[in-house]
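One structure below.
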Amino acid sequence: MSLQTLDNTAARALFMQRHGLAAQPVGAARGRRLLDLIHSLGFVQLDSINTVARAHDMILYSRSPGYRARNLKTLYERDKALFEHWTHDAAVIPMEFYRHWHLRFRRDAELLKARWKNWRRDGYEQRFQTVLDHIRDHGPVSSSDIGKDEKKSPGGWWDWHPSKTALEFLWRSGALTVIGRNGFQKRYDLTERVIDTALCPGAIPCDSAETVDWLCNAALDRLGFATHGELAAFWDTVSPAEARDWAKTALTRGDLTEIQVQLADGKTRKVLARPGTCDTVGQIGPVPGRIRVLSPFDPMIRDRNRTERLFGYHYRIEIFVPAPKRVFGYYVFPLLEGDRLIGRIDMKAHRDRGALRVEALWPERSVRWSKARTGRLNAELDRVRRFAELDQVEFADNWLRDPV
């Protein structure tokens, strides 16, 4: 029997709808509305780089232009509606999902013990009780509050002393919880003082099969369609083998079906989806035609290979590439227009003079850069300028570059 096929336009629309980018970005995002947005995304990746604004703030702003950074801080630190842990990277996650992280705590403990043994992270396990007792007696700490006289291990970013390593391990394995950040430095407290006792590790059994089922279902609901490998990668807790076995069972039960999606190059790819997906995707309205600046860590482009397959857009971040070898720039933002990724822009906030300066913009080869498009870009840059609390937008000479 032939599989139903989503053409590329429909596939893009569904994918963008599940990532909160298929509707007109309107309204404020605070309190319950902000939590609902994060819930729909699953999580929001945290990143410290502040070229224009931090990645998590750009992600939320691009979907709700009334969003401001203090709104997330309030939801996270005051309301405790979010917790911080890892998916594929550090992220804030709805507290409602906390019990599904018990499996992650256990797996991270096993992973870190093996990894840090190879990285010669000696002595940190002997610091566990000392660190826990210090927090119990003195309250929340950051890494600068403990182990001041301890010798650090060599290794660049990883020159942690044993107590810092112990802090990170105890957080990743669930004994500690991050309650917020000073600047971008994490503050840790005992989990039992932060998390509802009924949700704490040990209060309820960690059922691996139940957690895998929840994680795979939740990933598919947020992607619209996916391979089993993409389901595993979404939260980065489930293994590809576990996701494959889950998919086989769900297909047998009729909870899933296989369809094809048309890719940007016209080829098709077999994926998993909910029954009826192809029949209901037409209910998604037209995607707004405005230009939007996306964070390099936006959920829509997090999987670079999928982005290239679905949108025909090749993107790699170059922050770790030596400057002479960069093709575009240190931190270049993708540009979304409608359901197309139309280019990338190198820009930076110069807070000393209150300016958002555009150094360069490279359109995609398939994009003709018209006056109307420049007008839409200017409107978006003005919105970003106001979001970043800057006074003006500046353009470097020859900012509009040849298409790539």
> From the list Met347, Met300, which one is under 25 Å from the mean Cα position of the chain (by Cα) and in a strand (DSSP E or B)?
Replying inline: Met347
> Which of the residues spanning the stretch 5-36 are among the aliphatic types (A, V, I, L, M), within 20 Å of the chain's Cα centre (by Cα) and open to solvent by 30 Å² or more (accessible area, probe 1.4 Å)?
Replying inline: Ala23
> Do you know which residues across the stretch 258-277 are surrounded by 18 or more Cβ atoms within 10 Å (Cβ to Cβ) and over 30 Å from Ile345 (Cα atoms)?
Replying inline: Ile259, Gln260, Val271, Leu272, Ala273, Thr277
> Can you name the residue in the stretch 370-404 that is open to solvent by less than 40 Å² (accessible area, probe 1.4 Å) and in a loop (DSSP other than H, G, I, E, B) and is also nearest to Arg351 (Cα to Cα) among such residues?
Replying inline: Leu390
> Could you count how many residues in the stretch 319-340 are in a strand (DSSP E or B) and open to solvent by less than 10 Å² (accessible area, probe 1.4 Å)?
Replying inline: 5
> Where in the stretch 162-233 are there helices (runs of 4 or more DSSP H), lying fully within it, with 3 or more residues that are of a type in the set (A, V, I, L, M)?
Replying inline: 162-172, 208-223
> Name the pairs whose Cβ atoms lie under 8 Å apart, with the first residue in the stretch 312-329 and of a type in the set (Phe, Trp, Tyr), the second part of a helix (DSSP H, G or I) and modelled with pLDDT of 90 or more, and 6 or more positions between them or separate chains?
Replying inline: Tyr313/Ile301; Tyr313/Thr307; Tyr315/Ile301; Tyr315/Arg304; Tyr315/Thr307; Tyr315/Glu308
>> So, in the stretch 251-275, exactly how many residues are in a loop (DSSP other than H, G, I, E, B), closer than 15 Å to Asn305 by Cα and touching a strand residue (DSSP E or B) at 6+ places or on another chain (Cβ under 7 Å)?
In response: 1
> Taking the stated definitions as given, is Ile317 under 18 Å from Asp57 (Cβ atoms) and β-branched (Val, Ile, Thr)?
Replying inline: yes
>> Residues that are in contact with a helix residue (DSSP H, G or I) (Cβ under 9 Å, 6 or more places away or on another chain) and within 17 Å of His88 (Cβ to Cβ): does the stretch 20-37 have at least one?
In response: no
>> Show the residue pairs meeting these rules: Cβ distance below 6 Å; 6+ apart or different chains; first residue within the stretch 160-180 and touching a residue at least 12 places away in the same chain (Cβ under 8 Å) and closer than 10 Å to Ser143 by Cβ; second residue open to solvent by 20 Å² or more (accessible area, probe 1.4 Å) and of a type in the set (Gly, Ala, Ser).
In response: Lys164/Ser143; Leu167/Ser143
> Filter the stretch 234-248 for residues that are in a helix (DSSP H, G or I) and not hydrophobic (A, V, I, L, M, F, W, C); which is farthest from Asp108 (Cα to Cα)?
Replying inline: Lys248
>> Which numbered condition in (1) open to solvent by 30 Å² or more (accessible area, probe 1.4 Å); (2) over 24 Å from the mean Cα position of the chain (by Cα); (3) modelled with pLDDT of 95 or more is the only one that Ala250 fails?
In response: (1)
> Pick from the stretch 303-318 the residues that are closer than 26 Å to Ala379 by Cβ and not aliphatic (A, V, I, L, M): which of them is most open to solvent (accessible area, probe 1.4 Å)?
Replying inline: Gly312
> Out of the stretch 159-168, which residues are open to solvent by less than 10 Å² (accessible area, probe 1.4 Å) and under 23 Å from Asp47 (Cβ atoms)?
Replying inline: Thr165, Leu167
>> Just to check your reading of the model, which residue among Ser48, Ser2 is at pLDDT below 95 and under 18 Å from the mean Cα position of the chain (by Cα)?
In response: Ser48
> So, in the stretch 68-95, of the ones that are polar (S, T, N, Q) and within 16 Å of Arg33 (Cβ to Cβ), which residue ends up most open to solvent (accessible area, probe 1.4 Å)?
Replying inline: Thr74
>> Among the numbered criteria (1) under 24 Å from Ile284 (Cβ atoms); (2) under 25 Å from the mean Cα position of the chain (by Cα), which one does Val332 miss?
In response: (1)
> Of (1) part of a helix (DSSP H, G or I); (2) surrounded by fewer than 17 Cβ atoms within 10 Å (Cβ to Cβ); (3) at pLDDT 95 or above, Thr280 satisfies all except one. Which?
Replying inline: (3)
>> Cβ contacts < 8 Å: first residue basic (Lys, Arg), restricted to the stretch 127-139; second residue outside any helix (DSSP H, G or I) and modelled with pLDDT of 95 or more, any location; separation 6+ or different chain. Result?
In response: Arg136/Leu190
>> For the stretch 112-146, give me each residue that is at pLDDT below 70 and not aromatic (Phe, Trp, Tyr).
In response: Lys117, Asn118, Arg120, Arg121, Asp122
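The values are calculated or read from the model by the stated rules, or taken from the named source; none is laboratory data. These figures come from a predicted structure and were not determined experimentally. Here Cβ is always computed from backbone atoms with ideal geometry, including for glycine, and neighbour counts include all displayed protein chains. Heavy atoms of the whole protein, side chains included, go into the accessibility calculation; ligands, DNA and RNA do not. Shrake-Rupley method; radii C 1.70, N 1.55, O 1.52, S 1.80 Å.
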